[in-house]
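Here's the structure we're looking at; comments come further down.
Each reported figure results from applying straightforward, stated rules to the coordinates on display, with no laboratory input. In this text the structure is predicted, and so the values were computed from the model without any measurement. Ideal geometry is used to build each Cβ from the backbone, glycine not excepted, and the neighbour counts take in all protein chains shown.
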Amino acid sequence: MAGISRWGVTDLQQNGPLLQVAIHPVKAIRDIFASEGTTYQPQTVSALVDTGASHSMVDRSIPQNLGISTVGETTLWSATHSDVPSQMFDVTFIILADFVKEVQCLESDFSGRPFMAIIGRDILAGCVLVYTGWTNTFTLSQ
């Protein structure tokens, strides 16, 4: 099993397991952009690893910055909110250079948070996550 990362975080208990990800449009959209001569800027952001999230999510600004359109709408449910409408987008998450995953993610407003994306169980289903609180680290492997 290849290790993706072993991360020490300034305050793992306060901020949770955060890591840097690059977010791109999915390959089919990148191919269309290339054929049209359209450029985009990948979005490199901090992402929270969240085993409670069924879907990965990105801040509302990311799809706009990538120049991609919604592929649908759904309703979000969380521990604190219900019936919150959310747009869906097809994106590629790149975690370091080793792990590339295309997902249909949801959008939300992450203003004021230490992350701009959430890595949910749709990505984590192909990983092993070890949270080692006493050393203030976590390991994510695929």
Query - Residues satisfying the stated conditions in the range 114-142, i.e. surrounded by fewer than 16 Cβ atoms within 10 Å (Cβ to Cβ) and either without any contact (Cβ under 8 Å) to a residue 12 or more places away in the chain or among the hydrophobic types (A, V, I, L, M, F, W, C) (or both) - result: A125, V128, L129, V130, T132, W134
Requested in this report: Could you tell me which of the residues G72, G67 is exposed (fewer than 13 other Cβ atoms within 10 Å of the Cβ) and on the phi > 0 side of the Ramachandran plot?
Outcome: G72
Query - Subset of the range 24-77 (residues that are out of contact with any Gly (no Cβ under 7 Å at 6 or more places or on another chain) and charged (D, E, K, R)) - result: K27, R30, D31, E36, D59, R60, E73
Requested in this report: Taking S86 as meeting all but one of (1) assigned to a strand (DSSP E or B); (2) touching a residue at least 40 places away in the same chain (Cβ under 8 Å); (3) touching a Leu at 6+ places or on another chain (Cβ under 8 Å), write down the number of the exception.
Outcome: (2)
Query raised in the report: Hey, does the range 103-125 have a residue that's in contact with a Cys (Cβ under 7 Å, 6 or more places away or on another chain) and either closer than 12 Å to D50 by Cβ or not hydroxyl-bearing (S, T, Y) (or both)?
Result: no
